[in-house]
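The values are calculated or read from the model by the stated rules, or taken from the named source; none is laboratory data. Here the structure is a predicted model, which means the values were calculated and not measured. Glycine gets a Cβ as well: all are built from the backbone with ideal geometry, and neighbour counts include every protein chain shown.
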Amino acid sequence: MLDSRTISLVRAGFKSVLAAEDGPAHLAQSFYAQLFVENPDFRSLFPASMDQQRDHFVRALAYVFDNLDKDERIEPFLRQLGRDHRKHGVDGSHFRAGASALIAAFRNFVGNEVWTDEVEVAWHETLALLTDNMAVAADSDELPPYWGATIVEHQRVLDDLAIIRLQLDEGVHYYPGQYVSVQIPQRPKLWRYLSPAIPCNPQGELEFHVRRVSGGWVSPAMVTESVVGGRWAISPPLGGLQVDRNIPEDVLMIAGGTGLAPLRAQIMDMARRSRNPRVHLFTSGIYPRDLYDAQTLWQLSLSNPWLTVVPVTEEYENPWWHCGPTPELPSGMHHQLHGSIGKVVTQFGSWADRQIQISGSPSMVRTTLYALRKVGTPMSHVQHDPL
Ligand SMILES: Cc1cc2nc3c(=O)[nH]c(=O)nc-3n(C[C@H](O)[C@H](O)[C@H](O)COP(=O)(O)OP(=O)(O)OC[C@H]3O[C@@H](n4cnc5c(N)ncnc54)[C@H](O)[C@@H]3O)c2cc1C
């Protein structure tokens, strides 16, 4: 536990990084340069292109500094981060080396005038706490850093979206709503997070819904180059989206595109139980074609009266370049609503009496959070995965 003076010194320092033009990018560049100079053998642990790595690093730092005073959030986050890094071949000693590189990078960034003895002590104390948490978690985890899995089905549901089913070499336990890190043979070392779209089962079957992000390094290869028989690596599950059954509130789920996956997995899991809270699921996309899973959701709602599914799209028509048929929405399904998902959801009020989960692209999550905040939804009721 850090004292409030230490926290405010470290936060003030990081704020100055965020405020400077290209500050986060400079800090990240300087951190990795320092790390590789001090430890040349570390370079081979990272991918050739460091863009996404640097981006993740800065976002993780921002989350950590924002939550330094909230042990209940920060400790599980750091432990997950520590365990997750094992897929890169990282152990506890690497984290401790990282702390010294970050202190050097930060000192270079702020300059000697700001870097007083008190600031130095605050950074050392903070980074010792952070890296110890990650190092202990990485060194004590008994699960393998990743498992192998074979693609057994690859279905191009849309030109830019595939449903990919895999058979794990051994059973892996995850809770519905969690996500995993995935590495594909076409893009070694470029791990990407995907959320299983079904609950875990003893047969080790996995299903992912993958959208091709234009200009992305990995998702285009997942959608267009993956074939049956291909071997993927899957790292241990992360994240904690879940329906809290210990509180009386019903549930609001808001999905954008393939962000549906972790919500669908939870709904499928709930469908195995006899009693459930009411669930309102808004499934959204830009175009009608993006409601690619409407048929399955409709079937689920028919056999589970606690589930209401509302389809939402921003546009009324598919884009001219869309080829192939658009599946009709099942007759009897809630009629399709139009508009940006945040606006549509908040037309019905603030949903203040619900536990709320949002899942989708970072921009979809941010704009939906903004819309909810504007109508007074308590943010403590809202869960989403890290952006
Ligand atoms: C917790 C979590 C769970 C996820 N689950 C899924 C899933 O189930 N299915 C799925 O398809 N994707 C999922 N993603 C997104 C996925 O991990 C990748 O980020 C995405 O596939 C893009 O990877 P890429 O290598 O193709 O693009 P990158 O090379 O990483 O990025 C290229 C550019 O695209 C931007 N970008 C990245 N992701 C998106 C996006 N989603 N929408 C718009 N722009 C983007 C980046 O900012 C960058 O500018 C999840 C992400 C997180 C954090």
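Give me a count of the residues in the stretch 378-387 that are within 12 Å of the ligand (Cβ to nearest atom) and without any contact (Cβ under 8 Å) to a residue 24 or more places away in the chain.
Number of matching residues: 0.
Could you figure out which of (1) touching a residue at least 24 places away in the same chain (Cβ under 8 Å); (2) among the hydroxyl-bearing types (Ser, Thr, Tyr); (3) more than 10 Å from the ligand (Cβ to nearest atom) isn't true of Ser140?
(1)
Kindly provide the set of residues from the stretch 183-218 that are β-branched (Val, Ile, Thr), farther than 15 Å from Lys87 by Cβ and in a loop (DSSP other than H, G, I, E, B), ordered by number.
Ile198, Val213
Which of the residues belonging to the stretch 82-116 are in contact with a helix residue (DSSP H, G or I) (Cβ under 7 Å, 6 or more places away or on another chain) and farther than 18 Å from Phe36 by Cα?
Hits for the stretch 82-116 are Gly82, Arg83, Arg86, Val110, Trp115.
What tally of residues in the stretch 146-164 results from selecting those that are away from the ligand (no atom under 12 Å from the Cβ) and acidic (Asp, Glu)?
Summing the residues that are away from the ligand (no atom under 12 Å from the Cβ) and acidic (Asp, Glu) in the stretch 146-164 gives 2.
Is there any pair with a first residue in the stretch 316-342 that is touching a residue at least 24 places away in the same chain (Cβ under 8 Å) and a second that is surrounded by 10 or more Cβ atoms within 10 Å (Cβ to Cβ) and of a type in the set (Lys, Arg) whose Cβ atoms are under 8 Å apart and which are 6 or more apart or on different chains, and what are they?
Asn318/Arg289; His322/Arg289; Thr326/Arg289
Could you list all residues from the stretch 115-137 that are in contact (Cβ under 8 Å) with a residue 40 or more places away in the chain and among the acidic types (Asp, Glu)?
Glu118, Glu125
So which residues in the stretch 347-371 are away from the ligand (no atom under 16 Å from the Cβ) and more than 20 Å from Arg278 (Cα to Cα)?
Of everything in the stretch 347-371, those that are away from the ligand (no atom under 16 Å from the Cβ) and more than 20 Å from Arg278 (Cα to Cα) turn out to be Tyr370, Ala371.
Can you find, within the stretch 205-231, the residue that is farthest from the ligand (Cβ to nearest atom) among those that are of a type in the set (Lys, Arg) and within 21 Å of Arg264 (Cα to Cα)?
Here the residue is Arg212.
Can you tell me which of Leu27, Leu61, Leu78 is in a helix (DSSP H, G or I) and touching a residue at least 60 places away in the same chain (Cβ under 8 Å)?
None of the other options fit; the residue is Leu27.
For the stretch 161-174, which residues satisfy the criterion of being closer than 20 Å to Leu297 by Cα and either assigned to a loop (DSSP other than H, G, I, E, B) or not aliphatic (A, V, I, L, M) (or both)?
Selection gives Arg165 alone.
Gln266 - would you say it is surrounded by 18 or more Cβ atoms within 10 Å (Cβ to Cβ), away from the ligand (no atom under 11 Å from the Cβ) and not aromatic (Phe, Trp, Tyr)?
The answer is yes for Gln266.
Working only within the stretch 186-204, note down all residues that are more than 10 Å from the ligand (Cβ to nearest atom) and in contact with a strand residue (DSSP E or B) (Cβ under 6 Å, 6 or more places away or on another chain).
Ile198, Gly204
Checking Asn112 against (1) part of a loop (DSSP other than H, G, I, E, B); (2) without any contact (Cβ under 8 Å) to a residue 40 or more places away in the chain; (3) under 21 Å from Val180 (Cα atoms), which test does it fail?
With respect to (1) part of a loop (DSSP other than H, G, I, E, B); (2) without any contact (Cβ under 8 Å) to a residue 40 or more places away in the chain; (3) under 21 Å from Val180 (Cα atoms), Asn112 is out only on (3).
Kindly indicate whether any position in the stretch 165-183 is within 11 Å of the ligand (Cβ to nearest atom) and charged (D, E, K, R).
Taking every residue of the stretch 165-183 in turn, none turns out to be within 11 Å of the ligand (Cβ to nearest atom) and charged (D, E, K, R).
Conditions (1) at negative phi; (2) surrounded by 15 or more Cβ atoms within 10 Å (Cβ to Cβ); (3) over 24 Å from the mean Cα position of the chain (by Cα); (4) within 16 Å of the ligand (Cβ to nearest atom), marked per residue:
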{"site": "Arg5", "(1), (2), (3), (4)": "yes, no, yes, no"}
{"site": "Ala12", "(1), (2), (3), (4)": "yes, no, yes, no"}
{"site": "Pro24", "(1), (2), (3), (4)": "yes, yes, no, yes"}
{"site": "Ala33", "(1), (2), (3), (4)": "yes, no, yes, no"}
{"site": "Arg54", "(1), (2), (3), (4)": "yes, yes, no, yes"}
{"site": "Leu68", "(1), (2), (3), (4)": "yes, yes, no, no"}
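Looking at the stretch 343-377, which of its residues are free of Cβ contacts under 8 Å to residues at least 60 places away in the same chain, in contact with a helix residue (DSSP H, G or I) (Cβ under 9 Å, 6 or more places away or on another chain) and farther than 25 Å from Phe57 by Cα?
Lys343, Thr346, Ser350, Ala352, Ala371, Leu372, Arg373, Lys374, Val375, Thr377
Thr258 passes all but one of (1) outside any strand (DSSP E or B); (2) crowded, with 23+ Cβ neighbours inside 10 Å; (3) out of contact with any Lys or Arg (no Cβ under 9 Å at 6 or more places or on another chain); (4) not assigned by TED's automatic domain parsing to the domain that holds Asp159; which number fails?
Answer for Thr258: the failing condition is (3).
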